[in-house]
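Trainee: Before we start, here is the structure in question, set down as structure tokens.
The values are calculated or read from the model by the stated rules, or taken from the named source; none is laboratory data. Given the structure is predicted, the values throughout are model-derived calculations rather than measurements. Note: ideal-geometry Cβ built from the backbone for every residue, glycine included; neighbour counts use all protein chains shown.
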Amino acid sequence: MRYQSRRCAHVGPKVNGAVHERFAVRMVWKQLAREVGQAVERYIASMRSRHSMPGTLVPSWAVPFKPGLLAVAVLAGCASGPSTTPVSTPVSEAQPATPEVAAEALTEQRFAQWVAAFRTSARAAGIDDATLDVTLNNVQLHHRAVVADRAQPEFTRTFWEYLDGVITERRVSNGQQKLLELRDQADAVNARYGLPGPVLMAVWGIESNFGGNYGNVPVFDALTTLGFEGRREAWAKTELMAALKIVQRGDIDPGRMVGSWAGAMGQTQFMPTSYLAYAVDADGDGRRDIWGSMPDVLASTANFLARSGWRAEEPWGVEVQLPASFDPARADQAVRQASVQWAEEGVRTMDGSALPAMADAMVLQPAGARGPAFLVGRNYRALLRYNNSMSYALTVGLLSQRIAGGPPVQGAWPRDLRALTRGEMIALQTALNQRGFDSGAPDGQMGPATRGALRAFQRSAGLPADGFPTEELLRLLQTP
């Protein structure tokens, strides 16, 4: 087996000395699975013929020598140095499979069946065999994608902690430098789509650190895994079908089609369906390359935002001062009006100048009544279409402001407060429900129903109804 000498230098450092066989099997199998697949199949077939009685059905997991042990044989060869002599495996007495090994083998088998079934449906939908072969023949179950997709972290960060981590002086400086380097391309995109260069730099900087890290997970591994896992199967199948169409039309070599564990791709992290809808061939080479062509990256991102409602005549938003009489309950996405009307209520910019024209603006207080306030409009909501998170959309706007030479947030954050843990959020929701303020089923997430219920409780207690969860409010709710 000639792959011995090629792999030893890589495998050796990862398995030093006498390592538990199970760990060695797992590590080496992950590295060599693609390469030794055919050899494994031939070996299993031969072992079944040796260890089964005529007319007896032997389940795949009961084969005494597991596929992973073939990789262990490779490891043994590595320990003795390169050899041109084929590795032979002595026949030994069958060892019972552990429940863990059996479960893993069954999972892999079910994954292969899911991929085969999807392949049939994709072929029926018009995907040719050549595309299916190059994309699905070697897909692998990506366990990290399942873990990440199901993750519900107990501890979270406040918005200002998130902001501190994203809008660093280095990222601002890098964004300004990138904008200088790409000025001609950014100006051309702005002229066509109405997206300012600083906004595009902010999206690019947050999504992939200006192309420095846009993920290394094969998109087809990620999406087949999420489809097989089942929690979002219909969504994953839709994205997977879109990814197949991208390859079939020749936009990108499937080997370069890498991204995040969730299947987001390229320097500004498009999902495959978004790619099909919004990606642009700006450099005229006949391909929409959001991995390697900066004209395509910038134009595609701008096209997405423009078609999501971005208005060239409006800013993303502006930090504002609120009058002392302002009702925090009005800082809500349901309360929208022209910036002229907000000005009539006493809302002002931080330097006292006139509010920018925004036809459908709302007030945001991401840290509640004690923190800074922002007036945002349709462009903020376009950013939400890109990533449906208040923290994300507001951070893009604030980073673009810094890249354009504007000031940081001037209002003070309530840094004495901390974010509630998921367990505390569930306790808060439970207490709200028990008191008759319907927050829905407790799930630890701060959604519109929970915010509305919390505001109703605050009003009943004579408190500012900002809907911002704190330890103090949780104690009040739990006090008889």
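Trainee: Tally up the residues in the stretch 350-359 that are over 20 Å from THR395 (Cβ atoms) and surrounded by 15 or more Cβ atoms within 10 Å (Cβ to Cβ), please.
Mentor: Selection size over the stretch 350-359: 1.
Trainee: Mind checking which pairs have a first residue in the stretch 186-199 that is farther than 23 Å from ILE167 by Cα and a second that is surrounded by fewer than 23 Cβ atoms within 10 Å (Cβ to Cβ) and of a type in the set (S, T, N, Q), Cβ under 9 Å, 6 or more apart or different chains?
Mentor: From residues that are farther than 23 Å from ILE167 by Cα, the pairs are VAL189/ASN303; ARG192/ASN303; TYR193/ASN303.
Trainee: Of the conditions (1) surrounded by fewer than 19 Cβ atoms within 10 Å (Cβ to Cβ); (2) over 20 Å from MET390 (Cα atoms); (3) within 17 Å of the chain's Cα centre (by Cα), PRO218 fails just one. Which one is it?
Mentor: All conditions pass for PRO218, except number (1).
Trainee: Could I ask something else about it? Taking the stretch 105-149 as the search range and keeping residues that are under 26 Å from the mean Cα position of the chain (by Cα) and among the charged types (D, E, K, R), which one is modelled with the lowest pLDDT?
Mentor: ASP149
Trainee: Now, a different point. With respect to ALA393, determine if the residue is surrounded by fewer than 21 Cβ atoms within 10 Å (Cβ to Cβ) and either modelled with pLDDT of 95 or more or more than 20 Å from PHE304 (Cβ to Cβ) (or both).
Mentor: For ALA393, the condition - surrounded by fewer than 21 Cβ atoms within 10 Å (Cβ to Cβ) and either modelled with pLDDT of 95 or more or more than 20 Å from PHE304 (Cβ to Cβ) (or both) - is not met.
Trainee: PRO356 - would you say it is in a loop (DSSP other than H, G, I, E, B) and in contact (Cβ under 8 Å) with a residue 60 or more places away in the chain?
Mentor: no
Trainee: For the stretch 418-438, check the following and say yes or no: at least one residue is touching a helix residue (DSSP H, G or I) at 6+ places or on another chain (Cβ under 8 Å) and within 30 Å of GLU314 (Cα to Cα).
Mentor: No - not one qualifying residue is present in the stretch 418-438.
Trainee: Hey, GLU239 hits all of (1) buried (at least 19 other Cβ atoms within 10 Å of the Cβ); (2) without any contact (Cβ under 8 Å) to a residue 40 or more places away in the chain; (3) more than 14 Å from GLY259 (Cα to Cα); (4) not hydrophobic (A, V, I, L, M, F, W, C) but one; which does it fall short on?
Mentor: (3) is the only condition that GLU239 fails.
Trainee: Sort through ARG415, ARG451 and tell me the only one that's in contact (Cβ under 8 Å) with a residue 12 or more places away in the chain and assigned to a helix (DSSP H, G or I).
Mentor: The conditions single out ARG451.
Trainee: Another question, if that's okay. Quick check: anything in the stretch 337-344 part of a loop (DSSP other than H, G, I, E, B) and among the acidic types (Asp, Glu)?
Mentor: No, every residue in the stretch 337-344 fails to be part of a loop (DSSP other than H, G, I, E, B) and among the acidic types (Asp, Glu).
Trainee: Still on this structure: Which of the residues that make up the stretch 454-474 are part of a loop (DSSP other than H, G, I, E, B), in contact (Cβ under 8 Å) with a residue 60 or more places away in the chain and not β-branched (Val, Ile, Thr)?
Mentor: Result: PRO464, ALA465, ASP466, GLY467, PHE468.
Trainee: ASN433 fails exactly one of the following numbered conditions: (1) within 20 Å of ALA419 (Cα to Cα); (2) assigned to a helix (DSSP H, G or I); (3) not small (Gly, Ala, Ser). What is the number of that condition?
Mentor: Evaluating ASN433 over (1) within 20 Å of ALA419 (Cα to Cα); (2) assigned to a helix (DSSP H, G or I); (3) not small (Gly, Ala, Ser) leaves (1) as the failure.
Trainee: Please determine, by comparing only the residues of the stretch 294-319 that are more than 22 Å from the chain's Cα centre (by Cα) and assigned to a loop (DSSP other than H, G, I, E, B), which one is nearest to ALA359 (Cα to Cα).
Mentor: Going through the qualifying residues, I end up with GLU314.
So that you can scan it fast, the table gives a plain yes or no per residue for (1) more than 30 Å from VAL134 (Cα to Cα); (2) in contact (Cβ under 8 Å) with a residue 12 or more places away in the chain:
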| position | (1), (2) |
| --- | --- |
| ALA148 | no, yes |
| GLY175 | yes, yes |
| LEU180 | yes, no |
| GLU229 | no, yes |
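Trainee: Quick one: in the stretch 397-412, which of the residues that are in a loop (DSSP other than H, G, I, E, B) and touching a helix residue (DSSP H, G or I) at 6+ places or on another chain (Cβ under 9 Å) is surrounded by the fewest Cβ atoms within 10 Å (Cβ to Cβ)?
Mentor: Ranking the candidates gives GLY405 first.
Trainee: Right, here's the next one. Pick out the one residue from GLY317, GLY292 that is of a type in the set (Gly, Ala, Ser) and farther than 24 Å from GLY212 by Cβ.
Mentor: GLY317
Trainee: Here's something else I'd like to know. So in the stretch 249-289, with the set limited to residues that are under 12 Å from the mean Cα position of the chain (by Cα) and of a type in the set (S, T, N, Q), which one is farthest from SER208 (Cα to Cα)?
Mentor: Within the stretch 249-289, the match that is farthest from SER208 (Cα to Cα) is SER260.
Trainee: Which one of these is part of a loop (DSSP other than H, G, I, E, B), surrounded by fewer than 18 Cβ atoms within 10 Å (Cβ to Cβ) and among the hydrophobic types (A, V, I, L, M, F, W, C): ALA234, ALA324, ALA277, ALA262?
Mentor: ALA324
Trainee: Now a separate question. Looking at the stretch 82-100, can you tell me whether even one residue there is surrounded by 11 or more Cβ atoms within 10 Å (Cβ to Cβ) and at pLDDT 75 or above?
Mentor: Yes: one or more hits.
Trainee: Let me ask something else about it. Go over the candidates LEU226, LEU180, LEU200 one by one and state the one that is hydrophobic (A, V, I, L, M, F, W, C), assigned to a helix (DSSP H, G or I) and modelled with pLDDT under 95.
Mentor: LEU226 is the lone residue from the list that is hydrophobic (A, V, I, L, M, F, W, C), assigned to a helix (DSSP H, G or I) and modelled with pLDDT under 95.
The rows are residues; the columns are (1) among the hydrophobic types (A, V, I, L, M, F, W, C); (2) loosely packed, with under 15 Cβ neighbours inside 10 Å.
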{"site": "ASP129", "(1), (2)": "no, yes"}
{"site": "GLN140", "(1), (2)": "no, no"}
{"site": "VAL146", "(1), (2)": "yes, no"}
{"site": "ARG157", "(1), (2)": "no, yes"}
{"site": "LEU163", "(1), (2)": "yes, no"}
{"site": "GLU181", "(1), (2)": "no, yes"}
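Trainee: Given the residues ARG370, ARG378, which is the only one that is surrounded by fewer than 21 Cβ atoms within 10 Å (Cβ to Cβ), touching a residue at least 40 places away in the same chain (Cβ under 8 Å) and in contact with a Gly (Cβ under 7 Å, 6 or more places away or on another chain)?
Mentor: ARG378
Trainee: Touching a residue at least 40 places away in the same chain (Cβ under 8 Å), touching a Gly at 6+ places or on another chain (Cβ under 9 Å) and hydrophobic (A, V, I, L, M, F, W, C) - does that describe any residue in the stretch 156-164?
Mentor: Among the residues of the stretch 156-164, at least one is touching a residue at least 40 places away in the same chain (Cβ under 8 Å), touching a Gly at 6+ places or on another chain (Cβ under 9 Å) and hydrophobic (A, V, I, L, M, F, W, C), which makes the answer yes.
Trainee: Name every residue in the stretch 359-396 that is among the aromatic types (Phe, Trp, Tyr) and assigned to a helix (DSSP H, G or I), in order of residue number.
Mentor: Listed by number, the residues that qualify are TYR380, TYR386, TYR392.
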